[in-house]
Every structure is written in C-alpha cells, then in structure tokens.
Amino acid sequence: MTAVACASIVCPVGYTPASAAAAMRAGISVFEELPYRDRGGQSIRGARVDGVPPEAHGRTRLATLARLAVEQIDARFAAMLPWGEMPFLLCGRDAGMPGARINGILSGLTVAGGKPLAGPRTFQVAHGQISAFVAIEQARKLLGERDVEACLVMAIDSLIDARALSWLDNRMRLKTSKVTDGLIPGEAACILVVSKRPIVEGSLRLRGLGLAVETATASNEDPFRADGLSAALKAALGEAGVQLHEVAFRLSDVGGESYSFEELVLAQMRNTRKTRPEQPVWHAADCMGDCGSAAGLIQFAWAEQAFKRGYAPGELAALHGSSMAFGGRAAAVVSA
C-alpha cells in the first residue's frame with residue numbers, strides 16, 4: 001500500500017492541517033483587495049497568507065511561504081522522519097506559466113534539530129495544478145527501491161504575482177470587474193509524506209491514481225469532451241478496483257471558471273454506470289482561491305482531516321487535478 005500524510009500546510013485560512021480543514025469545512029473565505037489592478041484599473045481580489053508581508057514579491061514571497069511551512073511541521077511528526085535522507089519532490093507551476101521560479105528556494109532550510117529539509121535526492125515537478133499527483137506517482141516508484149521507506153512532496157505557489165496576474169488577465173481567465181467567469185488568485189505551501197506504511201495515525205491510503213492529457217484546453221478552440229480528466233479518473237478507479245458510484249465524495253481544484261465545472265461534470269457522467277443518492281464535491285478554492293501547484297496537496301490534506309475527524313460522508317474519496325491552460329489532468333482515489 002501507499003500511505004499519504006500531511007506534515008504541514010500554510011494557506012490563507014489556516015497554518016495547520018486541522019485549522020485549514022476546519023475553515024474549509026465551515027466555508028470561511030478570506031478574499032480581500034490586493035495591491036494589484038486589472039486592465040480596467042480596478043483592484044484585484046484574492047486570498048493571501050497573512051504571515052507573508054504585503055511588500056514581499058516574486059521569489060521572496062515564495063521563500064517566505066516555504067519557511068512558514070517548514071516552521072509549522074509538527075514536532076512529533078518531524079521526530080519520526082529521517083530528514084535529509086528521504087527523496088524530496090518539489091512541486092511548481094507549469095513551465096509556460098510566468099512568475100517567480102522555485103529553483104534553489106529551499107537552500108538552507110532546516111527542520112527541528114537542524115536537519116536539512118531536502119537531501120541530495122531532490123526532484124522538481126513542474127506541472128502546475130497536477131504537480132501533486134505527478135509527484136506522488138513518482139514517489140510511489142521511488143518507494144519500490146529497497147532503501148526508500150518514505151518520500152517528501154512539497155508544493156509552493158502564489159498567484160499573487162504581477163506577472164502571473166497579468167498573464168491571466170490578458171487571457172480573460174482572471175476574475176475582475178469585467179470578467180465574472182474567472183479564477184481568484186491565492187497562495188499556499190504544503191508538505192506531504194508518502195510512505196510504504198502509515199507513519200502517523202489517520203494517514204490516507206492511496207487506492208488508485210491516474211494521469212492523462214487534455215487536448216481541448218482553455219487556450220484553444222478544440223471540441224471539448226473532457227477526455228483527459230475522464231481518462232485520468234477511469235485509470236484511478238480501475239487501479240482502486242471500484243466504480244464511481246462507490247465513491248462517497250469528491251474534491252477538486254476548480255477555481256471558478258465555468259470551463260472547469262463543466263469538465264468535472266462531464267468526467268463524472270462518462271465514468272458513472274450507476275447512480276447514488278448524492279456525491280458532494282468539495283472546492284478549497286471557495287475559501288482561498290486558486291493556489292496553483294499547491295491545490296493538489298491541499299486536496300489530500302483536507303481528505304485526510306475529513307476521514308480522521310469523522311465527517312467524511314463515506315469510505316472513499318476521489319480527487320481531481322486540472323491544468324486548464326496546459327492540458328495536464330489527474331485523479332486519485334483515497335480512503336482512510
């Protein structure tokens with residue numbers, strides 16, 4: 001089996017997995033006017049992490065998010081891990097997405113006791129919203145090695161960046177005073193531990209994972225049938241050995257664009273063979289906007305807390321990842 005546990009999360013609605021999940025469950029949102037303006041001269045609304053100074057920009061902002069995430073790692077959890085020895089996978093935005101890069105951003109970061117956060121086996125996964133899923137798939141392969149018991153997966157991203165906001169605004173994908181069908185920018189940092197066996201009580205069990213590519217993206221006019229997300233979900237369900245109607249609830253990184261919601265529905269329709277009374281879909285973006293490459297890890301963290309605290313509506317959850325502009329699609333099936 002493959003176990004997944006959240007070691008740390010820093011996001012606009014919480015600095016621990018428990019507090020962030022509680023806020024998302026309660027539907028608490030923290031949107032505010034950012035010190036950026038859209039093409040029409042109006043203030044852009046978004047969700048920022050309070051611990052990051054408003055004047056921090058670019059790599060400084062990402063570095064601050066990374067530092068906060070490391071500082072929030074639970075001490076008891078940290079004591080159980082061989083820091084500096086585990087393969088480390090760092091998730092970042094798609095190569096075609098403008099903004100600050102995360103290369104070398106973890107240099108000098110240490111956990112409690114002075115041990116390095118990342119060891120010599122460090123990999124970068126630049127696939128945007130599906131980076132978490134790609135990284136976990138790579139981690140599963142690394143766990144097949146005899147001397148690897150656990151891997152670290154970390155994601156850091158912020159759309160509160162002038163270059164990213166301008167890129168989104170120019171493509172009519174940013175929610176502004178003139179565009180209602182757009183996303184709200186957010187930011188977050190999250191760290192997961194992927195291991196051969198549960199390290200802490202309440203870890204998720206990864207039952208299945210699927211990756212695919214969608215040719216009809218938000219950037220072209222190709223006929224849209226949600227082929228990519230449907231294929232990814234089908235692969236995840238197939239590996240898990242379950243049907244979609246057996247999944248009690250779903251989580252998604254949908255950030256506000258109708259294209260994304262339509263894709264989510266089409267993927268559900270194309271994989272459903274039997275109906276069930278209800279199958280709620282949880283959206284973290286309702287509370288903190290689109291957190292880019294961190295959105296996938298946030299789904300895993302929320303699902304873990306839901307199972308651990310007993311408010312998950314059933315035994316199985318399906319997670320979804322979609323890189324709207326670049327075509328990457330992913331899905332996973334998890335349980336307690």
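Values quoted throughout were computed directly from the atomic coordinates according to the rules given, and no laboratory measurement underlies them. All figures in this text were calculated on a predicted structure; none of them were measured in a lab. Neighbour counts are summed over all protein chains in view; Cβ atoms, including those assigned to glycine, are modelled from backbone coordinates with ideal geometry.
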Note to self, the chain gives a 222 nm [θ] from helices alone (DSSP H runs n ≥ 4, -39500 (n - 2.57) apiece, / all residues, nearest 500) of -8500 deg cm²/dmol
For residue 175, go through the lysines and keep the ones whose alpha-carbon is under 20 Å away, minus same-chain ones fewer than eight residues off.
none
Taking the simple approach of a point 7 Å from Cα along Cα-to-Cβ for both residue 265 and residue 177, what is their distance in nm?
3.1 nm
Report ³J(HN,Hα) in whole Hz for each residue of the stretch 281-292, in order, from the Karplus equation J = 6.51 cos²θ - 1.76 cosθ + 1.60 where θ = phi - 60°; Gly and Pro get x.
10, 9, 10, 5, 5, 4, 9, 10, x, 7, 9, x
Explain nothing, just the number: relative contact order of the stretch 1-116, from Cα pairs under 8 Å at least 6 residues apart, as a whole percent.
24 percent
Per the C-alpha gyration tensor (a ≥ b ≥ c, the square roots of its eigenvalues), the stretch 184-323 is rounded if a/c is under 1.5, else prolate if a/b beats b/c, else oblate; here it's oblate
Per the Cauchy relation, a quarter of the hull surface: what is the mean projected area of the convex hull of the alpha carbons in the stretch 48-160, in nm²?
7.4 nm²
With a cut-off of at most 15 other beta carbons within 10 Å, and DSSP calling the residue loop, which GluC sites (Glu not before Pro) in the stretch 269-324 qualify? Please list them.
278, 315
Out of 219, 204, 186 - ranked by how far each Cα lies towards the positive end of the dipole of the stretch 183-233, with unit charges on the beta-carbon of charged residues - the top one is 204
Once label points are set 7 Å from the Cα along Cα→Cβ at both residue 79 and residue 59, what is their separation, rounded to one decimal in nm?
3.7 nm
Classify the stretch 132-226: rounded, prolate or oblate, from the alpha-carbon gyration tensor (a ≥ b ≥ c, eigenvalue square roots; a/c under 1.5 rounded; otherwise prolate if a/b is larger than b/c)?
prolate
Mind listing which GluC sites (Glu not before Pro) in the stretch 1-107 are in a DSSP loop and have 14 or fewer other Cβ atoms within 10 Å?
55
Span per principal axis, largest first, for the Cα atoms of the chain (Å)
54, 51, 34
Tell me the net charge near residue 273. Cut-off is 13 Å between Cβ atoms, residue 273 excluded, with +1 for each Lys or Arg and -1 for each Asp or Glu.
+3
For the stretch 243-308, what ratio Rg/Rh do Cα atoms give with a Kirkwood hydrodynamic radius?
0.98
quick note, the chain, DSSP beta bridge pairs, % antiparallel (nearest 5) is 70 percent
Difference of contour (0.36 nm per residue) and Cα-Cα distance, residue 239 to residue 112:
42.0 nm
Computed P(r) (all Cα pairs; the stretch 293-336; 5 Å bins; percent):
5, 21, 30, 19, 13, 7, 4, 0
Lysines near residue 141 by alpha-carbon distance under 27 Å, same-chain residues fewer than 8 away left out - which ones?
115, 196, 234, 308
If each part is reduced to its alpha-carbon centroid, the stretch 256-310 and the stretch 64-117 end up apart, in Å, by 26 Å
